[in-house]
Amino acid sequence: MQFTGDTGYFGTSCPLPDINVGEAIFTYQDDLQTDQVPPDCASFPGGCGVFTSTTGTAPNRQFNIEWRAGYHGRSGTANFEVVFYEGQSSFFDIFYGVTADSGSMEESGVQQSAAGPATTYSCNQGTLTNGLKVHYSCGGGATPTATPTATPAATATATFTPTATFTPTATATATRTPIPTATAAATHTPTTTPTATATATATPTPTGTCMPNDYTITTTTGTIVPGTTDTGNHCDDCVTNIALPFPVTFYDQTFTSANVSSNGNLQFTSTNEAAINDCLPTENMTDLIAPYWSDLYDGAADSGQGIFTSVSGTAPNRIFNIEFKENLCCLKDPPMLDFEVRLHENTPNFEIIYGGLNGNTGSDATTVGAQRDIGSHFTQFECNTGGLVDGLQLNFILGAGCPSPTPTPTATASPTPTPTSTPTPTCPTGYNYVTSTTTGNTIVPGTTDTGNHCDDCATAITFPFPVSFYGVTYTTAAVSSNGSLDLTGFDAPFTLGCLVLPTALFNAAILPYQDDQRTDVGLPGCVNWANGCGIFTVTTGTAPNRVFYIDYHTVHHNNNADADEYEVAFYENNSSIFDIFYGISSDNGIDETTGAQASSTGPAVTFSCGQPLLSSGLKVRYTLACGSPTPTATAPATATFMPTATFTPTATATGTPTATRTPTPTPTATATATFTPTATATATATSTATSTATATATVTATATATPTATRTPTPTATATATFTPTATATATATATRTPTPTPTPTSRPRVSPTPRRRPTPPPRPTTTRSPTPTPAATATPTVSPDATLTPSPTATRTPTPTPTATATFTPDATLTPTPTPGVHRMKSSRPSPHWRKAL
């Protein structure tokens, strides 16, 4: 979408800015077609094209620009949309409906001109998943993040804090996509409550010096706990003050009373009767919870309308239920809308539950979310976009940076450590993490030496409390000198540049800074720390609110004066998140991969992949996104695998988009995945007339999910990928390290990842363009009798091979495998220290 210029440019240029385009938004930049080409375009109700619509009423309208396109030279469809907001000129959103490759061959971002400034969100990475919403905020103060908000789920939320930097942030709001998600939550037993008595105003009390974090939202299904005490709110556009049965913490403040509005919101400080909703943040209300802020009416008490309360549980774990029975203004019939806010005595977390909405999804002038003061922090689930359904429960969870002001031993159960991994009910297998970011953070120094001081080695560690990762509980892990944290497995492969996740190099793993690094004692870069290079741990706080930090002090392998420090943090009181902090970053991540994967076949999430996003002071929060009920049969999901040049069989759910999301509010989501990774490497080198070295790696990934499971990167698919990097050679013969003159059978070939070659932008070739390179080049070396395997003429490790070249080597040539993702280089020799300059 170009604001200046009108070029039909179809290429990509990573990272942005792209000199071929002026001021522009790159929603899904690729070689696409919008002409009516069957059969792909037949999947859209109105066929292919670019369509616009305007929703809402002034001054709160939004302008929607929707693309319905096919791919040039290959099958599949792409459906995505840009949304501009009349009342909010500082940000815009991009929604992704259904795409065939999840962005693995596209780029997305924004640039002010051909020379910048520019922000790249994704660059040929499979991160543009179905149901994703990316929120671009001018002055958002964070690096690009996104929330897979497959309706009605919004999980990760980045803060909206105006600064002078133009970077997109993720806001957890619902999108209009047919893929809901769900998490498990408990149902509370109602009890009676004393009659609420009115007090003058809310009296906020600070609860310490900890700065507040934002709430994140997970979703599940829930049931209304009926309100039994009438608050007296029966009116049109009025606010009623109610006393809270116990002090309630909201963000970092404690309140003893609140103001409930007939227009579907609760205000702790302000008393605004406004019927016309604002998208958050709003300056019109202070300390706000908005379960259904719209122009509503509850004046007909005889019809059952009003706002009612009840108390569940016993001290110190009581829950205050505030039930709204409303109608659209100004109908005096029995309530059409029944929804509830639940406030807790022992935690700042709260829930919103939707009982019956009679088909009202919130798409017509409705805001759902929470806001501190007049908007210094806020979390918005939706604003005029819909996503609300009967039985939906939104769980608002405050970030772990500020612990609950009144923790009690009974509030959080301390799990019993077990020697093996055991499933926990956090999320069924298949759900994924989403990321959000903040800046200006510092490392908590590690004090306990794990003993990891080496090159390409892993060291076992024991967690001080059980840690949950992808819904599985672990008590031990392995830390690697190359920047990985293995929850299962004990490997330490090195990589260079972008490593596409999931990868067969790891099983369940977190990659805070995966690269080719060292933690040896005494290297030049180790002088950055008093305790030198290595991996160190420290535990802060007291149970049940401890935090466990794993602090990496590393240097780069070929330039060990370049030092990096990064840290993984786990929280005892919140098993659904973990954080990665970046202290010293010598190259800002341009040669590293960061992310997480549940197994060698996924699911997986990539935060950065050879991109300069890992600046000093950055914190990346990984939040497990659980889903909601399964969509109805009106949007069937069909798994389509799109092989790419790297070893990544991509399963993409392709369904018929519908205008109205119709999730089935079933509280039970069951997903069963069976992963059977099998890797076999066989190397044979003999001194006979013909020496054949064949490396064969076979990975079989089988994922089976029942139809009731929620949105996952591979909804219902069985993927079997066979990757056989059989001595692939390049024309330049400079791609990898070579083996020593006398290789042993136990040496394991290791290579760096192969960058994916991009097609050259215009002029467009006359033949059919296939952006997917062919990864299956095979070289068969021939060696004369009694030949000795010797290093190749050029031993520089260079991740720029030509993926389709086939070479035959003369006698005395070296058997040199071309780097292919998932295979690493021979251990024996090291390249020149000047390899980075060569790159």
Could you tell me whether the stretch 242-251 includes any residue that is surrounded by fewer than 18 Cβ atoms within 10 Å (Cβ to Cβ) and among the aliphatic types (A, V, I, L, M)? yes
Within the stretch 531-552, restricting attention to residues that are in a loop (DSSP other than H, G, I, E, B) and among the small types (G, A, S), which residue is farthest from Y571 (Cα to Cα)? G532
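Give A275, A258, A300 a once-over and let me know the one that is farther than 16 Å from D236 by Cβ, small (G, A, S) and touching a residue at least 24 places away in the same chain (Cβ under 8 Å).
Answer to the check: A258.
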Pick from the stretch 344-372 the residues that are under 21 Å from P281 (Cβ atoms) and among the aliphatic types (A, V, I, L, M): which of them is most open to solvent (accessible area, probe 1.4 Å)? A365
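Please state which one of L505, L499 is at pLDDT below 95 and open to solvent by 10 Å² or more (accessible area, probe 1.4 Å).
Working: L499 fails: open to solvent by 10 Å² or more (accessible area, probe 1.4 Å).
After applying the criteria, what remains is L505.
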Which one is nearest to Y470 (Cα to Cα) among residues in the stretch 534-563 that are open to solvent by 10 Å² or more (accessible area, probe 1.4 Å) and of a type in the set (S, T, N, Q)? N545
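Go through the residues of the stretch 107-119 one by one and say whether even a single one is closer than 25 Å to Y431 by Cβ and either surrounded by fewer than 24 Cβ atoms within 10 Å (Cβ to Cβ) or within 17 Å of the chain's Cα centre (by Cα) (or both). Break it down into steps so the answer makes sense when it comes.
First, the residues of the stretch 107-119 that are closer than 25 Å to Y431 by Cβ: 108.
If we keep only those that are either surrounded by fewer than 24 Cβ atoms within 10 Å (Cβ to Cβ) or within 17 Å of the chain's Cα centre (by Cα) (or both) as well, we get 108.
Taking every residue of the stretch 107-119 in turn, at least one turns out to be closer than 25 Å to Y431 by Cβ and either surrounded by fewer than 24 Cβ atoms within 10 Å (Cβ to Cβ) or within 17 Å of the chain's Cα centre (by Cα) (or both).
Go through the stretch 335-357 and give me each residue that's of a type in the set (D, E, K, R) and within 26 Å of the chain's Cα centre (by Cα).
Of everything in the stretch 335-357, just one residue is of a type in the set (D, E, K, R) and within 26 Å of the chain's Cα centre (by Cα), namely E351.
Return a yes/no flag: does the stretch 514-533 have any residue that is hydroxyl-bearing (S, T, Y) and open to solvent by 10 Å² or more (accessible area, probe 1.4 Å). Full working, then the answer.
From the stretch 514-533, those hydroxyl-bearing (S, T, Y) are 519; that's our starting set.
Add one more test, that the residue is open to solvent by 10 Å² or more (accessible area, probe 1.4 Å), and what stays is none.
No: zero hits.
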For the stretch 376-386, what are the residues that are over 18 Å from F255 (Cβ atoms), open to solvent by 10 Å² or more (accessible area, probe 1.4 Å) and part of a loop (DSSP other than H, G, I, E, B)? N384, T385
Against the conditions (1) out of contact with any strand residue (DSSP E or B) (no Cβ under 8 Å at 6 or more places or on another chain); (2) without any contact (Cβ under 8 Å) to a residue 40 or more places away in the chain; (3) within 26 Å of N588 (Cβ to Cβ), where does N559 fall short? Just the number, please. (2)
Assess whether G97 counts as being open to solvent by less than 20 Å² (accessible area, probe 1.4 Å), assigned to a loop (DSSP other than H, G, I, E, B) and modelled with pLDDT of 85 or more. no
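Could you look through the stretch 120-156, keep only residues that are among the polar types (S, T, N, Q) and open to solvent by 10 Å² or more (accessible area, probe 1.4 Å), and pick out the one that is modelled with the lowest pLDDT?
Going residue by residue through the stretch 120-156, those that are among the polar types (S, T, N, Q) are 120, 122, 124-125, 127, 129-130, 137, 143, 145, 147, 149, 151, 155.
Now drop any that are not open to solvent by 10 Å² or more (accessible area, probe 1.4 Å), which leaves 120, 124-125, 127, 129-130, 143.
Details: T120: 90, N124: 83, Q125: 82, T127: 86, T129: 88, N130: 86, T143: 46.
Here the residue is T143.
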Please count how many residues of the stretch 1-39 are closer than 18 Å to Q125 by Cα, among the polar types (S, T, N, Q) and open to solvent by 70 Å² or more (accessible area, probe 1.4 Å). 0
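Does A24 meet the test of being more than 30 Å from N277 (Cβ to Cβ) and free of Cβ contacts under 8 Å to residues at least 60 places away in the same chain? If you could, list the steps in order and put the result at the bottom.
Details: more than 30 Å from N277 (Cβ to Cβ): yes; free of Cβ contacts under 8 Å to residues at least 60 places away in the same chain: no.
Against the criterion (more than 30 Å from N277 (Cβ to Cβ) and free of Cβ contacts under 8 Å to residues at least 60 places away in the same chain), A24 does not qualify.
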Within the stretch 564-581, identify whether any single residue is surrounded by fewer than 22 Cβ atoms within 10 Å (Cβ to Cβ), in contact with an Asp or Glu (Cβ under 9 Å, 6 or more places away or on another chain) and modelled with pLDDT under 95, and answer yes or no. no
Residues in the stretch 288-304 that are open to solvent by 10 Å² or more (accessible area, probe 1.4 Å), acidic (D, E) and in contact with a strand residue (DSSP E or B) (Cβ under 8 Å, 6 or more places away or on another chain) total 1
Would you please list the contacts, defined by Cβ atoms under 6 Å and residues six or more apart or on different chains, that run from a residue in the stretch 305-328 that is open to solvent by 30 Å² or more (accessible area, probe 1.4 Å) to a residue that is in a strand (DSSP E or B) and among the small types (G, A, S)? K325/G306
I'm trying to understand the selection: among the residues of the stretch 58-81, which are of a type in the set (D, E, K, R), crowded, with 20+ Cβ neighbours inside 10 Å and more than 18 Å from S363 (Cβ to Cβ)? R68
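Starting from residues that are among the small types (G, A, S) and part of a loop (DSSP other than H, G, I, E, B), keep the ones in the stretch 220-271 and report whichever is farthest from L337 (Cα to Cα). Write out each step before concluding.
So in the stretch 220-271, the residues among the small types (G, A, S) come out as 222, 227, 232, 243, 257-258, 261-262, 264, 270.
Going one step further and asking which of them are part of a loop (DSSP other than H, G, I, E, B), we end up with 222, 227, 232, 262, 264, 270.
Details: G222: 15, G227: 14, G232: 18, S262: 12, G264: 10, S270: 24 Å.
Applying the filter and picking the extreme gives S270.
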Please pick out the residue among V444, V467 that is in contact (Cβ under 8 Å) with a residue 40 or more places away in the chain, open to solvent by less than 10 Å² (accessible area, probe 1.4 Å), closer than 21 Å to I577 by Cβ and not polar (S, T, N, Q). V467
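Across the stretch 553-582, what is the number of residues that are small (G, A, S), under 19 Å from V472 (Cα atoms) and outside any strand (DSSP E or B)? Quick ask: steps written out before the conclusion?
Restricting attention to the stretch 553-582, the residues satisfying the condition of being small (G, A, S) are 561, 563, 569, 575-576.
Subsequent filtering for residues that are under 19 Å from V472 (Cα atoms) retains 569, 575-576.
Next, only the ones that are outside any strand (DSSP E or B) stay: 575-576.
So the count comes out to 2.
The values are calculated or read from the model by the stated rules, or taken from the named source; none is laboratory data. Just so it is clear, the structure is predicted and the values come from calculations on it, not from any experiment. Glycine gets a Cβ as well: all are built from the backbone with ideal geometry, and neighbour counts include every protein chain shown. With ligands, DNA and RNA removed, areas are computed over all heavy atoms of the protein, side chains included. Shrake-Rupley method; radii C 1.70, N 1.55, O 1.52, S 1.80 Å.
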